[in-house]
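Below is one structure, written out as structure tokens; the observations come after it.
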Amino acid sequence: MEKSNIIYGYSLAFFTIIVWSGWMIISRLGLLNSLTPFDVVFLRYTTSGIILLPIAIRNLHLITRENRKAIGLMVLGAGAPYLLLCNFGFAAAPASHGILTPSTMPLWVGLASYFLLHEKISRLRIIGYFFILAGAVFKISAGGNGFNSVDLFFIAASLCWALYTIQNKIHSYLAPMTVAAFVACGNMILLAIPYTIYQILNPHFLPLEQAVQQSIYQGIFTGIISLITYNRAIQLIGAARTSSFAALAPVMVTLLAVPLLGEIPTPSDWVFVVLMTAGVFLASGVIGSKKR
């Protein structure tokens, strides 16, 4: 692979993590300002689904008998189940707890890559996975600050996204924009009836400012742009290395939460950040050989 493509791939992965870090803050803000987890999910996929609908329709012929199950798994893995789990977590816990989702993802992706794709795992990456596991256990047990059970939502969401990542890697012949369109439109259709029933049972108006804010960031930046850059990064540098850029998320989210949400990190929070950052960085595979 050309060096320029590798650099481009790492740049896309870096940009994706910046967007995802901001997404954790935006999600937490929305849930603190009258929106429910169902509202946030509906706004995200309705916005991105409407924008990408022409692309999804134009590429329907790419869904075949051989890949339709995989595409369905991608729609669910990066769709409503994943986002609902995250938002249920954000509704009850500080934004810094959401770090568990991108930080534990390399562990699941690494294991799946080893068993399903037969990718080799170096000793340093294995050490990184142990750091990630230690950080997750610490957060749920000693470092939970009263939100221990809620952290399980974030870990479950991580498993969903890992499922999407692996399927995306296996079917990398699908263009990033096409995958993003299938995910957005698929979830927009899946949510239409359930959200309508939810509004009938719990009628409420969405605050205009919050609805616009969530639609733009969730629907466009997170639901479309970051999904495209993430998919392209997987094609260029692989699933394991792309997911490893989550090493940057713990520090970014922890620092952003201070001025934007007023959430001051505790000493245990910083222990968690150090464990996860070290673990994800080692799990990336970017160190360990002169060639790299």
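The values are calculated or read from the model by the stated rules, or taken from the named source; none is laboratory data. If you're wondering where the values come from, they're calculated on a predicted model, not measured in any experiment. No Cβ is skipped: glycine too gets one built from the backbone with ideal geometry, and neighbour counts run over all protein chains shown.
So which of MET252, MET276 ends up being surrounded by fewer than 23 Cβ atoms within 10 Å (Cβ to Cβ) and closer than 22 Å to TRP23 by Cβ? Step through it out loud before you land on a result.
Values: MET276 fails: surrounded by fewer than 23 Cβ atoms within 10 Å (Cβ to Cβ).
From the options MET252, MET276, the qualifying one is MET252.
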Please find, among ALA175, ALA184, ALA192, the residue that is more than 17 Å from the chain's Cα centre (by Cα) and under 13 Å from LEU227 (Cβ atoms). ALA175
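Among the listed residues LEU208, LEU201, identify the single one that is surrounded by fewer than 17 Cβ atoms within 10 Å (Cβ to Cβ), at pLDDT below 90 and of a type in the set (A, V, I, L, M).
Details: LEU201 fails: at pLDDT below 90.
None of the others qualify; the one that does is LEU208.
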Identify all residues within the stretch 1-37 that are closer than 20 Å to HIS97 by Cβ and in contact with a Phe, Trp or Tyr (Cβ under 8 Å, 6 or more places away or on another chain); write none if there are none. ILE17, VAL19, GLY22, TRP23, MET24, ILE26, SER27, ARG28, LEU31, PRO37
Would you say TYR217 is farther than 19 Å from LEU107 by Cβ and over 18 Å from the mean Cα position of the chain (by Cα)? no
Given the condition on the phi > 0 side of the Ramachandran plot and of a type outside the set (Lys, Arg), answer yes or no: does some residue in the stretch 118-128 qualify? yes
The number of residues in the stretch 1-20 that are at pLDDT below 90, of a type in the set (Ser, Thr, Tyr) and either surrounded by 14 or more Cβ atoms within 10 Å (Cβ to Cβ) or under 17 Å from the mean Cα position of the chain (by Cα) (or both) is 1
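Could we say that LEU133 is assigned to a helix (DSSP H, G or I), under 29 Å from CYS185 (Cα atoms) and either among the acidic types (Asp, Glu) or modelled with pLDDT of 85 or more (or both) here? It would help to see each step written out before you state the result.
On the way: assigned to a helix (DSSP H, G or I): yes; under 29 Å from CYS185 (Cα atoms): no; either among the acidic types (Asp, Glu) or modelled with pLDDT of 85 or more (or both): yes.
No; evaluated as a whole, the condition is false for this residue.
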Is it the case that ILE216 is modelled with pLDDT of 90 or more and farther than 30 Å from VAL274 by Cβ? yes
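Listed residues THR178, THR196; which is hydroxyl-bearing (Ser, Thr, Tyr) and surrounded by fewer than 16 Cβ atoms within 10 Å (Cβ to Cβ)? Spell out how you get there, then give the answer.
Working: THR178 fails: surrounded by fewer than 16 Cβ atoms within 10 Å (Cβ to Cβ).
Exactly one residue qualifies, and that residue is THR196.
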